[in-house]
1. Projected onto the charge dipole of chain B (+1 at Lys/Arg Cβ, -1 at Asp/Glu Cβ, origin at the Cα centre), which of B:Gln395, B:Cys139, B:Pro165 gives the Cα projection farthest towards the positive end?
2. Using the Cβ atoms and a cut-off under 12 Å, what net charge is assigned to the surroundings of B:Gly210, where Lys and Arg are +1 and Asp and Glu are -1?
3. If you split all Cα-Cα distances of chain A into 20 Å bins from zero, what percentages do you get per bin, shortest first?
4. Largest first and in whole Å, give the semi-axes of region A:69-146's equivalent ellipsoid, each being the square root of 5 times a Cα gyration tensor eigenvalue.
5. Stretched out fully, how many nm does the piece from A:Val118 to A:Leu163 gain, at 0.36 nm a residue minus the Cα gap?
6. About the Cα centre, and with charges only on the beta carbon of Lys, Arg (+1) and Asp, Glu (-1), how big is the dipole of the protein assembly as shown? Nearest 20 debye, please.
7. Looking at chain A, do any whole DSSP H helices span at least 24 angstrom along their long axis by alpha carbon and average 0.5 or above on Kyte-Doolittle, and which?
8. Give me the one-decimal Kirkwood hydrodynamic radius in Å for region B:50-135, with the sum taken over alpha-carbon pairs.
Amino acid sequence: MAVAESDFSLASRRRPRWSRHRVASAASPYGLLAPALVVLGVVLGYPLYLIARLSFEKYGLFELIRHKGRWIGLDNYTAIIHDSQFWHVLLRTVGFTAVNVSLTMVLGTAIALLLVRVSTVVRYMLTAALVFVWATPVVVAVDVWRWLVDPQFGLANWLLTKLHVGNFVHHDWFVNPWSGFGVITAVVVWGAIPFVAITVFAGLSQVPAELIEAAQIDGARAWNVFREVTLPLLKPIFVILVSLSIIWDFQVFNQIWIMLDQRPSADYYLMSVYSFVESFRISEYGLGSAIAVVMVLIMFGFTFVYVRQMVKAGEVR
Amino acid sequence: MKVRFLVVAIFAAALAVAATTASGGTKRAQADKIVVWLQDDAKNGWPDAVAAATKSFQAKHPGVDVDVQYQQWTTHLTKLDAAIAGNNAPDVVEMGNTETTKYMAAGAFAPLQAKSFPNSKNWLSGLKSSCTFGGKLLCVPYYTGARAVIYRKDYYSAAGIKGTPTTLDKFVADGKKLMKKYGKDRNFSAFYFPGKNWYASMAFVYDYGGQIAVKKGGKWKGTLNSPQAIRALTKLKSVVHSLSRAPLTVDEAHPYPSIPFAKGSVASFVGNGWEWPYTLDPKVGNPDLAPVMAAYPMPSHIKGRYMPTFLGGSDLAVPVTSSKKSLAVDWIAAFTASANMRSIAKAGNIPNATNLVGFTKGNPKVEPFAKAAKYSWFIPKSPNWANVENANVLQDMCSQILSGRKSVTAATTTASNAITRILNTGS
């Protein structure tokens, strides 16, 4: 970088003033970016500004009706930090995200590796199945899963009982939050696998066959080939997939909200549900916004690390 | 390097924000139209009254459209808040009588004149008080309803039960007879009781002398961990364990108990008056059950009394944001006319005024419910009460107790503390 800078200073000394042509060509990328930035500013920037402002205000039902909040500084944030429920929910959300992202990545990659090995017909069938899962709207998927685990008429209970796994007659999966979250994890991971599997499969097709052959000739086993050859080559793809999965799983809402009849008990609160309940159920919009802002900041932390890694990876190659 | 850092930061921020923000949009109302939000109950139970109200309203205001939009209890307040924020609130809104206080205290409803509405001199005092705040009338009583046990006469007599039970012990003994007779069907419940049915659970609490909360010296205190309430909920747990196979993590509207009842796997359930005709609706129920259905008030553990029933009900309000308040008032007046009250009563409800009680006399489908209303309980009257409901405090407590996830003492202590905290917020 130091070298590049001195080059630049030499060049500028030689030509002290920028020609009109150079200014135009320097500005044109920004001109091209401008429409997208304006759209982002309107659909993301403005709501973000509003939510940030709300988080510093007392904004309950009384204020809602008058369309005017009352500035209370950091009171909402202090309230959150001193609320033990917030910490429980945060911990639960982080754990939930870790489990879901790991499962999604492992299973998705496994399916991608399988896709490489199977015959063309099976590959088409598998891909079609993946695309169908992908195309299923969340609301429909959640309803289907809910019927599968319905205490009275669910297939899961019937099957587990028939298979003599235990007596699952009238077993309610949501009484115990661990098994309840098991079902929710299944729904989330099931829905997230296709994207990972298809993307990794696309990446795998770009891994040069001769590299793998060479490793095999050197006596590397399948696992070693995957670890030493495939994984490093696909690292940029994995970094993107993991960061996107973290973002998606950290803010899971619909799966819980619909699965539990829009009245999840406190044991099932994740950050997004908690924020929604504080805002819309309790009508404390300022407090709810503060939770949302904290959530954005945490996500910002995650994504910053990953995006930086992504950019670094680009530098190396 | 700095520029790169900035780009990374902006990209990361954009990703994070894209993932956490959402938006929605709604249409603006036209000038010659009023928007009315009623609950699903009207659609299921008395659509004829709604149609008649709109017809007589339009006779007075030709050319004004009435757009009736049906809402669900679980989501309607969320939607109402969003609509108020977006300057798009309805002109008439139905509110549960437990929900009005919070909105009246926040100044959400326009003041009304009682004389604009029929039968206003004889409005039921309970409903009228749920519409009065700071001495002003802010909504209009709509209807009230009590809950009673809706049951299958044929199942009862086949199990050798004579008459209907008059004490809680007899009720349990009869239920056990039913379980013995039909319990081989593993979906059968003698007394179908979803785990989050807090209205019916609190009936036990009040029957045993307990209360949800009491106000002392200007401060609320949750009292569900009192010895009386703990005794009541322990009793409830044993009743539900021996007589019900309903899911323990759902409430009494998901599904309505009338749905498994119509399928024949339920001998009785605690229901609102309108759930009887709803059971017979060919679209969601079974009309063939008409001759074998009946109802009786839930018996108390004290002989000769009924278990106190929750006196639920609805009111109709005009949001302050409405620009068509006088049209809204006229529609409410048309809707609460005596003739429509007759249809509403016929569907199993108690009409909004004392001079109309005759509508329920001699109607076997309403009389048991009117009888049950003799003993009743109501929620603590605090502007914060709706938040207790919306935070699912009581639903969660009931579900935890009935499913055995927590002991009665632990669950009631958690709930009482939450109630104390929520009711005293901001006071």
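Every number here is computed from the coordinates shown, using simple stated rules; none is lab data. Quick caveat: nothing in here was measured; it's all calculated off a predicted structure. Positions of Cβ are generated from backbone atoms using ideal geometry, with glycine treated the same way; all protein chains shown enter the neighbour counts.
1. Toward the positive end, the furthest listed residue is B:Pro165.
2. +1
3. 22, 46, 28, 4, 0
4. In descending order the semi-axes read 43, 16, 11 Å.
5. 13.2 nm
6. 1160 debye
7. Passing helices, by number: A:20-40, A:84-117, A:177-204, A:285-316.
8. In region B:50-135 this quantity evaluates to 15.1 Å.
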